[in-house]
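Enquirer: Encoded as structure tokens, here's the structure I'll be asking about.
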Amino acid sequence: MLVCHCNRVTFDDLRTALADEPTDVEGVRHRLGIGAGCGGCRDYANALVEHFSQASVQGHRADKSAAA
Ligand code: FES
């Protein structure tokens, strides 16, 4: 499923990028080019970024706790 049609960014692209870099939301958004075209995806993409980044950070913290 596409999140950004202009830059062909999929739901999985976004989820994977945020899982790899949960603390660099702006970097992920810039690297993938989300919202850099027509801008029509920005509201939807922002909601997904918010959702995935919170989930990724929580998972990242849980991983660190398990490793300690
Ligand atoms: S659909 Fe994402 S910038 Fe146009």
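The values are calculated or read from the model by the stated rules, or taken from the named source; none is laboratory data. Keep in mind that what you see is a predicted model, and the values were worked out from it rather than measured. Cβ placement follows ideal geometry from the backbone for every residue including glycine, while neighbour counts extend to all protein chains displayed.
Enquirer: Can you name the residue in segment 24-37 that is assigned to a loop (DSSP other than H, G, I, E, B) and within 10 Å of the chain's Cα centre (by Cα) and is also nearest to residue 48 (Cα to Cα) among such residues?
Expert: Only one residue tops the list, namely 34.
Enquirer: So, in segment 18-53, exactly how many residues are touching a Lys or Arg at 6+ places or on another chain (Cβ under 6 Å) and of a type in the set (Gly, Ala, Ser)?
Expert: Selection size over segment 18-53: 1.
Enquirer: Among the residues of segment 34-50, are any modelled with pLDDT under 90 and more than 15 Å from the ligand (Cβ to nearest atom)?
Expert: Checked against the condition, which is being modelled with pLDDT under 90 and more than 15 Å from the ligand (Cβ to nearest atom), segment 34-50 yields at least one hit.
Enquirer: Do you know which residues across segment 1-23 are among the aliphatic types (A, V, I, L, M) and either within 8 Å of the ligand (Cβ to nearest atom) or in a strand (DSSP E or B) (or both)?
Expert: Once the filter is applied, which keeps residues that are among the aliphatic types (A, V, I, L, M) and either within 8 Å of the ligand (Cβ to nearest atom) or in a strand (DSSP E or B) (or both), segment 1-23 yields 2, 3, 9.
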